[in-house]
Amino acid sequence: MSKRPRVIAIVPVLDEEAKIGNVVRRIPREVVERVLVVDDGSRDRSREVAESEGAEVFALGQTKGVGAAIRHGYETAVRDGFDVAVVLAGNDKDFPEEIPLLLEPIAKGKAVLVQGSRYLAGRSEYGEMPLYRRIATRLHPRLMSIVAGRRFTDSTNGFRAVTTGLLRDRRLGLESSKLDEYGLEPHLLFMTTRLGYPVVEVSVRKVYPPKHLGQTKMQPVTGWWSILRPLVSALVWRPWRAAVRPSGEVEPA
């Protein structure tokens, strides 16, 4: 990009009044034009806290899932003419100060999706991350690498940046309600890769805050199934074959 890109930060949130303020406050406004917190049906003061820190808040009205919240953010980014959308967690697991690391490959024309990886350079600070999640977040990128046809070190980290040019490609299939929970993020990474778009991983940190500040909303079985389902579907149905030419060349959007 020759000019400075317009960047929107999308922060999905559900009952995180103790954490969302710190997330919004730390987002670097010198590179982020708008902070959009998408409230997925919070019953606490998440909305008020986010607004007090200067964020714009959109309430979904009921709990639909983090994928639905991110989808709304992406739709807003496209509709309002932004160039790049950055997604980060509303539960203070990510480091907003590292947003420029995600933007750099896009600014240099090297990627349309930049995936933050907590494992790329061994920088992970686990904090109070449950053991089963440590194992699962290591195994998922191995499966993603097999299915997508290129190596990934982290495919479950939601801290990433995407161009709105990519989001306009209807072949991504982000509209499906099956992606309303945790499936949208791995689905987007998989489809972007299979459609031949340039994807780059960058090293970022991720830490699980102390348990007294709140527990994860993800259920061990149903949550992880929603993350795995896009990859299982890819293995079984191969929906991307209709979108990619046999030679691997991407068809015009």
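The values are calculated or read from the model by the stated rules, or taken from the named source; none is laboratory data. All figures in this text were calculated on a predicted structure; none of them were measured in a lab. Positions of Cβ are backbone-derived with ideal geometry, glycine not excepted, and every protein chain shown enters the neighbour counts.
Would you check which residues across the stretch 24-71 are part of a helix (DSSP H, G or I) and closer than 23 Å to LEU188 by Cβ and list them? Steps first, please.
So in the stretch 24-71, the residues part of a helix (DSSP H, G or I) come out as 24-26, 46-52, 66-71.
Answer for the stretch 24-71, where residues must be part of a helix (DSSP H, G or I) and closer than 23 Å to LEU188 by Cβ: VAL66, GLY67, ALA68, ALA69, ILE70, ARG71.
So which of VAL162, VAL207 ends up being in contact with a strand residue (DSSP E or B) (Cβ under 8 Å, 6 or more places away or on another chain), among the aliphatic types (A, V, I, L, M) and at pLDDT 95 or above?
Of the residues listed, the single one that is in contact with a strand residue (DSSP E or B) (Cβ under 8 Å, 6 or more places away or on another chain), among the aliphatic types (A, V, I, L, M) and at pLDDT 95 or above is VAL162.
Evaluate the following for VAL66: is it out of contact with any His (no Cβ under 8 Å at 6 or more places or on another chain), without any contact (Cβ under 8 Å) to a residue 60 or more places away in the chain and surrounded by 22 or more Cβ atoms within 10 Å (Cβ to Cβ)?
Here the answer is no, as VAL66 does not meet what is asked.
With respect to the numbered conditions (1) under 19 Å from the mean Cα position of the chain (by Cα); (2) at pLDDT below 95, which one is the sole condition not fulfilled by VAL35?
Going through (1) under 19 Å from the mean Cα position of the chain (by Cα); (2) at pLDDT below 95 one by one, VAL35 breaks only (2).
Residues checked against (1) surrounded by fewer than 19 Cβ atoms within 10 Å (Cβ to Cβ); (2) in a loop (DSSP other than H, G, I, E, B); (3) not aliphatic (A, V, I, L, M):
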site: TYR74; (1), (2), (3): no, no, yes
site: VAL78; (1), (2), (3): yes, no, no
site: ALA89; (1), (2), (3): no, yes, no
site: ASP92; (1), (2), (3): no, yes, yes
site: LYS110; (1), (2), (3): yes, yes, yes
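For TYR182, only one of the following conditions fails: (1) out of contact with any Phe, Trp or Tyr (no Cβ under 7 Å at 6 or more places or on another chain); (2) not in a loop (DSSP other than H, G, I, E, B). What is its number?
The number of the failed condition is (2).
I'd like the residue in the stretch 94-108 that is among the acidic types (Asp, Glu) and under 20 Å from VAL13 (Cβ atoms) and, out of all such residues, is surrounded by the most Cβ atoms within 10 Å (Cβ to Cβ).
Per the stated criteria, the residue is ASP94.
Among the residues that make up the stretch 159-170, is at least one of them in a loop (DSSP other than H, G, I, E, B) and under 14 Å from the mean Cα position of the chain (by Cα)? Quick ask: steps written out before the conclusion?
From the stretch 159-170, those in a loop (DSSP other than H, G, I, E, B) are 159, 168-169; that's our starting set.
When the remaining residues are screened for being under 14 Å from the mean Cα position of the chain (by Cα), the result is 159.
Checked against the condition, which is being in a loop (DSSP other than H, G, I, E, B) and under 14 Å from the mean Cα position of the chain (by Cα), the stretch 159-170 yields at least one hit.
State whether one or more residues within the stretch 5-15 are over 13 Å from ALA85 (Cα atoms) and among the hydrophobic types (A, V, I, L, M, F, W, C).
yes
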